[in-house]
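**Q** I'd like to ask you about the structure that follows.
The values are calculated or read from the model by the stated rules, or taken from the named source; none is laboratory data. Values in this document were obtained by computation on a predicted structure and should not be read as measured data. Heads up, the Cβs are rebuilt from the backbone with ideal geometry, glycines too, and the neighbour counts pull from every protein chain shown. Quick note on the areas: whole protein, heavy atoms, side chains included, nothing else; ligands and nucleic acids left out. Shrake-Rupley method; radii C 1.70, N 1.55, O 1.52, S 1.80 Å.
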Amino acid sequence: MKKLLLIIAIIFAGFALKQIYLANVTDDVSLYGESNNAVDLFDLNDPRIRIVYFGFTRCPDVCPTSLAMLSGAFNQIEDTTLSQFRPIFITLDPERDSPEHSAEYAHYFHKKIEGSSGSLQAVNMLAERYGVTFHKTELKDSALEYTIDHSSYFYFLKPDGTLITKVPHTVTPDPIVKAMLSLSQ
């Protein structure tokens with residue numbers, strides 16, 4: 001019985017240490033956006049709730065649909081409520097998506113969406129922190145060479161990076177609007 005309790009304690013301690021580590025990983029995550037300016041995802045001086053979407057600019061269907069739904073949600077929200085949120089698109093393909101290209105892509109959907117890119121290490125750290133799954137899939141006989149298969153969620157984060165809630169991929173803006181209204185003050 002003592003061995004079982006010890007094993008359980010070790011498992012919980014390991015899990016707790018990982019969560020503490022992931023909660024404090026902010027300094028090593030450098031993202032850049034329009035004009036190659038730094039995008040500080042964890043700026044504690046900015047009280048807005050982040051709405052983060054992970055995707056890539058060459059995505060044929062999921063990313064454009066999701067960002068269109070985010071834009072549609074913004075078009076249904078009053079400006080005073082909208083000002084409480086900071087939408088950020090983070091590319092999962094920093095190899096091809098420069099900060100400038102990511103910003104241009106995000107702005108195509110809505111001028112308020114910040115597009116960003118960073119090192120593959122920074123993207124991997126953020127993806128792990130929020131449970132984003134993605135992997136590169138080679139495309140034989142394609143000019144694209146590869147695609148990025150990925151999960152599709154909108155992550156609502158506090159300024160310190162704490163996850164508040166997440167909304168899965170949707171084909172209507174309604175779930176995003178509902179989340180925004182429930183989180184607005």
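**Q** Name, by its number, the condition in (1) under 12 Å from the mean Cα position of the chain (by Cα); (2) free of Cβ contacts under 8 Å to residues at least 12 places away in the same chain that does not hold for LEU139.
**A** (1)
**Q** Continuing with the same structure: Enumerate the pairs (first residue in the range 105-116 and free of Cβ contacts under 8 Å to residues at least 60 places away in the same chain and closer than 16 Å to ASP40 by Cβ; second residue anywhere and open to solvent by 50 Å² or more (accessible area, probe 1.4 Å) and part of a loop (DSSP other than H, G, I, E, B)) with beta-carbon separation below 9 Å, excluding pairs fewer than 6 apart on the same chain, so at least 6 apart or on different chains.
**A** Listed pairs, sorted by first residue: none to list.
**Q** What number goes with the only condition from (1) in contact (Cβ under 8 Å) with a residue 24 or more places away in the chain; (2) touching a strand residue (DSSP E or B) at 6+ places or on another chain (Cβ under 6 Å) that VAL177 does not pass?
**A** Evaluating VAL177 over (1) in contact (Cβ under 8 Å) with a residue 24 or more places away in the chain; (2) touching a strand residue (DSSP E or B) at 6+ places or on another chain (Cβ under 6 Å) leaves (2) as the failure.
**Q** Shifting gears a bit: Tell me, please, whether a residue that is over 12 Å from LYS112 (Cα atoms), open to solvent by 10 Å² or more (accessible area, probe 1.4 Å), out of contact with any helix residue (DSSP H, G or I) (no Cβ under 9 Å at 6 or more places or on another chain) and touching a residue at least 40 places away in the same chain (Cβ under 8 Å) can be found in the range 75-90.
**A** For the range 75-90, residues over 12 Å from LYS112 (Cα atoms), open to solvent by 10 Å² or more (accessible area, probe 1.4 Å), out of contact with any helix residue (DSSP H, G or I) (no Cβ under 9 Å at 6 or more places or on another chain) and touching a residue at least 40 places away in the same chain (Cβ under 8 Å): absent.
**Q** Can you tell me how many residues within the range 100-129 are closer than 28 Å to GLN76 by Cα and open to solvent by 20 Å² or more (accessible area, probe 1.4 Å)?
**A** 11
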